[in-house]
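The values are calculated or read from the model by the stated rules, or taken from the named source; none is laboratory data. Remember, predicted model here, so these are calculated numbers, not experimental data. So basically every Cβ, Gly included, is an ideal-geometry build from the backbone, and we count neighbours across all protein chains shown. We work out accessible area using only protein heavy atoms, side chains counted, and drop any ligands, DNA or RNA first. Shrake-Rupley method; radii C 1.70, N 1.55, O 1.52, S 1.80 Å.
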Amino acid sequence: MRKVTTERKKHNNSSDYNGKPHTNTFSYCLKLGFYAGIIWGLLHWLLYAIKFTKVTPGFLIEPFFQQTFVKSGWGHFTGIVAFTVFSIIAAFIYKVLLGRLGGPWPGMFYGLVWWLLLFMTIGPVMKMMDPVNKIGYDTLITEGCFFTLWGLFIGYTIAFEFTDEASREPAGAL
């Protein structure tokens with residue numbers, strides 16, 4: 001009996017009942033934020049290139065650089081890097097605040113909250129973009145959809161990884 005208890009304690013500290021190791025939260029959020037930033041940063045660049053949005057890919061760096069640099073190729077690249085850093089931070093925030101929630105809806109709402117924060121408050125104040133009444137409906141709708149899908153990507157990926165308890169069930173549970 002004592003041997004079983006010791007075995008179970010070892011299992012609970014490092015892995016589940018099937019012997020699968022638990023996911024390292026820090027490295028997972030770091031990787032997720034990195035890939036979210038690259039994928040969605042490039043998509044934002046594409047949306048800007050085909051004129052679906054007036055917001056430059058470097059909108060996060062606009063308060064710190066001149067407008068001519070932000071609209072250049074290096075500015076777009078720097079903007080994608082800044083969006084990647086932003087996505088890494090956002091992945092950590094999501095994990096801390098909403099990481100236990102499952103399904104797609106929390107991630108979608110998380111993306112919409114970021115859209116509201118950036119486009120209704122922080123962005124116009126810090127001159128990242130024009131005020132909402134001057135930006136245009138096409139840009140607002142495109143950016144709203146973009147941030148909703150970006151939030152869905154981050155939220156649902158975290159939910160799938162950290163709330164998927166079915167894979168951690170004992171082998172003969174059913």
Practice prompt. Provide the packing ranking of 114-123, 76-85, i.e. peptides ordered by the mean count of other C-beta atoms within 10 Å per residue, highest first.
Written response: 76-85, 114-123
Fill in: Percent accessible area from carbon and sulfur atoms, the range 83-124, protein chains only, probe 1.4 Å
83 percent
